[in-house]
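Asks: I have a structure here, written as structure tokens, and I will follow up with some questions on it.
The values are calculated or read from the model by the stated rules, or taken from the named source; none is laboratory data. Not measured: the values here are computed from a predicted model. Glycine also receives a Cβ, built like all others from the backbone with ideal geometry; neighbour counts cover every protein chain displayed.
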Amino acid sequence: MPVLVPETLEEACAALAARPGATLLAGGTDLMVGINAGRTRPDDVVMVGRLAELRGWVRDGDHVVLGAGVTYTECMAEPLASLSPVLAQAARSVGSPQIRNAGTLGGNLGTASPAGDGVTALVALGGTVRVRSTEGERDLDLATFVTGPRRTERRPDELIVSVRVPVADGPQEFLKLGTRNAMVIAVASVALVVEPGAVRLAMGSVGPGPVRATEAEAFAASVVDWTTGTAAAGAADEFGALAAAASRPIDDHRSSAAYRRRAIEILAKRAFLRSFSS
Amino acid sequence: MNYKLSVNGTDHTVESTWEGESLLYVLRERLGLPGAKGACEQGECGSCSVLLDGDLVCSCLVLAAAAEGRDVRTVEAVAGPEGLSDVQQAFLDAGAVQCGFCTPGLIVAVHDLLERHPQPDDLTMREELAGNLCRCTGYGRIMEAVRMAADRRAASA
């Protein structure tokens, strides 16, 4: 299990080109759990979490570009938290301080767990993800980047460089249900992003990847009075019901499908009520 | 594979090991630093907490071979030449140590907490220490120790 610690992004891409399919290591919060338990024995590991080119974030007009190595703790800190509240709220719900100091946005996106909190928020935000190999860079749609459980459009010779998401231009909410406040993997989660005239709702832990509730989104867009940011009483109930109908949960060791569907109904309703007064 | 680790300001060469070893394992089994405790090995319990480049992390989730060039600080470096640190003393004075297994991780975590929040309220304490499990105390004495250490620092400042 050779461990490579490249010092530059270019070196990292070259290392991946030489060993396509090598396991990428960022914060270690997923990979090391598997290694410690003896479930994972990677052939090659390329450490990318500390690459300077992947650290930090910049504002680019009405977007924010976040390096793949940005940690959850960094997502929670101002001024980034105000530029992307849904990401900050999702980050705050992850693990513990120890986990949030280590885990990265790029790692969460690349791992593409159906229960991932960062990835659910990113899908609601929309925007693009930049991947890079020795052949160059590609910008892919965040909404379709995750193709299934732990599967993405990233090729084995590519690494995630950054994500580019819109700066908040309306209410945003991330709500998550688990067995306790800290250290919990989502039983169900919702990420709601409101922009003038548009609503996006992504749901976590209720499908093979983040699930968009497109009918609920269209309903919200039509029912909200966009000049006042209000909605008729009862609209939230319908929004929650449409979200639940769009979820595709399964029974597993963490919860039942029926409980998850009901949880989504309530979380989506609550997110709607927090975003639009009646 | 050989690699170097900087732990508590001292450079160590780790020789001929399996590359999948966690920092926790290397600290305890190869470098003779058993302060960080191994329990869940999946980042849930915090008993292996260390500072990595100044950030509080679970050493069980750090691949040791990938930590070359980074600054590792363990609980062994907390006490100074003149004795226990203020947080360690407060843990003793408040009765926050029972079986002691979680104590090293909590000592590291509380030092980190007080660096960032010199006068934490109860909610801040609970949130900041949510990654450190204690099965003896019910956390009451631990929170008392945090208050004691914070108050003593404020009084001596």
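Asks: For the range B:118-141, check the following and say yes or no: at least one residue is small (Gly, Ala, Ser), within 14 Å of another protein chain (Cβ to nearest Cβ) and surrounded by fewer than 21 Cβ atoms within 10 Å (Cβ to Cβ).
Replies: Checking the range B:118-141: at least one residue is small (Gly, Ala, Ser), within 14 Å of another protein chain (Cβ to nearest Cβ) and surrounded by fewer than 21 Cβ atoms within 10 Å (Cβ to Cβ).
Asks: Another question, if that's okay. Mind counting the residues in the range B:29-48 that are under 19 Å from residue B:78 (Cα atoms) and more than 13 Å from chain A (Cβ to nearest Cβ)?
Replies: Adding up the residues that qualify gives 6.
Asks: For residues that are more than 14 Å from the chain's Cα centre (by Cα) and of a type in the set (Gly, Ala, Ser), tally how many sit in the range B:9-38.
Replies: 5
Asks: Continuing with the same structure: On the basis of being touching a residue at least 60 places away in the same chain (Cβ under 8 Å), within 14 Å of another protein chain (Cβ to nearest Cβ) and among the hydrophobic types (A, V, I, L, M, F, W, C), does residue A:143 make the cut?
Replies: no
Asks: Of the conditions (1) free of Cβ contacts under 8 Å to residues at least 24 places away in the same chain; (2) closer than 30 Å to residue A:41 by Cβ; (3) in contact with a helix residue (DSSP H, G or I) (Cβ under 9 Å, 6 or more places away or on another chain); (4) more than 14 Å from chain A (Cβ to nearest Cβ), residue B:103 satisfies every one except a single condition; which number is it?
Replies: (2)
Asks: Looking at (1) closer than 19 Å to residue A:138 by Cα; (2) part of a helix (DSSP H, G or I); (3) within 20 Å of the chain's Cα centre (by Cα), which one does residue A:14 not meet, given that it meets all the others?
Replies: Every listed condition holds for residue A:14 apart from (3).
Asks: When the range A:95-120 is examined, which residues are found to be among the β-branched types (Val, Ile, Thr) and within 7 Å of chain B (Cβ to nearest Cβ)?
Replies: If the condition is that a residue be among the β-branched types (Val, Ile, Thr) and within 7 Å of chain B (Cβ to nearest Cβ), then A:99 is the only one that fits.
Asks: Is it the case that the range A:40-55 has a residue that's more than 25 Å from residue A:19 (Cβ to Cβ) and more than 14 Å from chain B (Cβ to nearest Cβ)?
Replies: No, the range A:40-55 has no match at all.
Asks: Could you look through the range B:114-147, keep only residues that are β-branched (Val, Ile, Thr) and more than 16 Å from the chain's Cα centre (by Cα), and pick out the one that is modelled with the highest pLDDT?
Replies: Looking at residues that are β-branched (Val, Ile, Thr) and more than 16 Å from the chain's Cα centre (by Cα), I get B:124.
Asks: What number of residues within the range A:7-59 are of a type outside the set (Lys, Arg) and within 19 Å of residue A:155 (Cα to Cα)?
Replies: Summing the residues that are of a type outside the set (Lys, Arg) and within 19 Å of residue A:155 (Cα to Cα) in the range A:7-59 gives 27.
Asks: Confirm whether residue A:221 is surrounded by fewer than 24 Cβ atoms within 10 Å (Cβ to Cβ) and of a type in the set (Gly, Ala, Ser).
Replies: Criteria met by residue A:221.
Asks: For the range A:174-278, list the helices (runs of 4 or more DSSP H) that sit wholly inside it and hold at least 3 residues that are free of Cβ contacts under 8 Å to residues at least 60 places away in the same chain and basic (Lys, Arg); which are they?
Replies: A:257-275
Asks: Filter the range A:11-38 down to the residues that are among the small types (Gly, Ala, Ser) and in contact with a strand residue (DSSP E or B) (Cβ under 8 Å, 6 or more places away or on another chain), then identify the one that is nearest to the other protein chains (Cβ to nearest Cβ).
Replies: So the residue we want is A:28.
Asks: Hey, among the residues in the range B:10-51 that are in contact with a helix residue (DSSP H, G or I) (Cβ under 8 Å, 6 or more places away or on another chain) and assigned to a helix (DSSP H, G or I), which one's farthest from residue B:135 (Cα to Cα)?
Replies: B:26
Asks: Out of (1) outside any strand (DSSP E or B); (2) within 14 Å of chain A (Cβ to nearest Cβ); (3) touching a residue at least 12 places away in the same chain (Cβ under 8 Å), the odd one out for residue B:56 is which?
Replies: (1)
Asks: Just checking, how many residues over the range B:54-85 are under 16 Å from residue B:10 (Cβ atoms) and either among the basic types (Lys, Arg) or in contact with an Asp or Glu (Cβ under 7 Å, 6 or more places away or on another chain) (or both)?
Replies: 4
Asks: Please find, among A:33, A:94, A:46, A:86, the residue that is part of a loop (DSSP other than H, G, I, E, B), out of contact with any Ser or Thr (no Cβ under 6 Å at 6 or more places or on another chain) and buried (at least 18 other Cβ atoms within 10 Å of the Cβ).
Replies: So the residue among A:33, A:94, A:46, A:86 that is part of a loop (DSSP other than H, G, I, E, B), out of contact with any Ser or Thr (no Cβ under 6 Å at 6 or more places or on another chain) and buried (at least 18 other Cβ atoms within 10 Å of the Cβ) is A:94.
Asks: Here's another thing I want to ask about it. Would you check if residue B:51 is crowded, with 20+ Cβ neighbours inside 10 Å and within 9 Å of chain A (Cβ to nearest Cβ)?
Replies: No; evaluated as a whole, the condition is false for this residue.
Asks: Still on this structure, please answer the following. I'd like to check something: does the range B:1-17 contain any residue that is among the aromatic types (Phe, Trp, Tyr) and without any contact (Cβ under 8 Å) to a residue 40 or more places away in the chain?
Replies: No: zero hits.
Asks: Would you say residue B:69 is surrounded by fewer than 16 Cβ atoms within 10 Å (Cβ to Cβ), within 14 Å of chain A (Cβ to nearest Cβ), over 16 Å from the mean Cα position of the chain (by Cα) and on the phi > 0 side of the Ramachandran plot?
Replies: Yes, satisfied.
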